[in-house]
1. Calculate how steeply helix 168-188 sits against the longest principal axis of the alpha-carbon atoms of the chain, using the helix alpha-carbon long axis, and give the answer as 0 to 90 degrees to the nearest 10.
2. Among 152, 75, 122, determine the one that fluctuates most according to a GNM of the chain built with springs between C-alpha atoms less than 10 Å apart.
3. If you wrap a convex hull around the Cα atoms of the range 15-74, how much volume per residue is inside, in Å³?
4. How big is the Kirkwood radius of the range 45-146, worked out from every pair of different alpha carbons and given in Å to one decimal?
5. Plugging the Kirkwood radius over Cα pairs into Stokes-Einstein for the range 15-188, at a temperature of 4 °C and a viscosity of 1.567 mPa s, what D comes out in µm²/s?
6. Pull out the extension gain between residue 93 and residue 189, defined as 0.36 nm times the separation in residues minus the alpha carbon to alpha carbon distance; nm, one decimal.
7. What nm distance separates the two modelled labels at residue 138 and residue 64, each placed 7 Å from Cα along Cα→Cβ?
8. Mind checking Rg over Rh on the range 67-106, alpha carbons, Kirkwood formula for Rh?
């Protein structure tokens with residue numbers, strides 16, 4: 001099976017983007033909450049690992065970018081006379097969380113968290129690429145192109161940070177292990193057009 005450009009083992013089912021386009025209000029609501037959670041996740045890492053200057057330096061602008069994305073998604077909702085709907089359970093992120101190794105020292109815990117964030121960014125980027133290429137709404141397509149480029153940068157940031165705190169070969173090995181497990185999660189998940197993941 002051909003691997004995605006970001007290394008994902010299993011590409012998104014092409015039916016997802018068709019369903020998503022028909023439920024764009026739900027997708028935008030879910031996307032808004034994803035951006036909120038991405039900003040919160042970076043803030044949490046900065047608070048927990050305040051004594052790691054490189055992490056603080058690299059993730060501080062990411063917080064601002066993710067919050068800016070949230071504001072821009074809200075603007076897209078407003079343009080369509082839609083309002084933010086309720087927060088939905090993120091089954092994908094919950095399933096990924098169960099893959100993280102418990103225990104270990106503080107640095108090992110940090111690496112696990114960084115790799116989980118990298119995975120979420122990689123899958124988001126892949127889905128933004130589908131929205132960019134496939135949806136008919138030209139303005140929204142351009143918006144998702146911009147976000148795809150941004151998320152690809154965040155994905156690289158998380159992976160490079162992980163290699164600061166653990167042997168790069170070990171990070172590589174663990175990353176590929178997680179990629180295989182993420183593919184299993186995707187294979188077993190229902191295709192839902194009201195969720196970004």
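We did not get these values from a lab; they are worked out from the coordinates using the rules stated. Treat the numbers as computed from the prediction; the structure is a model and nothing was measured. Here the Cβ positions follow ideal geometry from the backbone for every residue, glycine too, while neighbour counts run over all protein chains shown.
1. 40
2. 75
3. Hull volume over Cα atoms, normalised by residue count, gives 80 Å³.
4. On the way: mean 1/r = 0.0617 Å⁻¹.
About 16.2 Å for the range 45-146.
5. The estimated diffusion coefficient comes to 76 µm²/s.
6. Fully extending the segment from residue 93 to residue 189 adds 33.4 nm.
7. Between residue 138 and residue 64, the label points sit 3.3 nm apart.
8. 1.25
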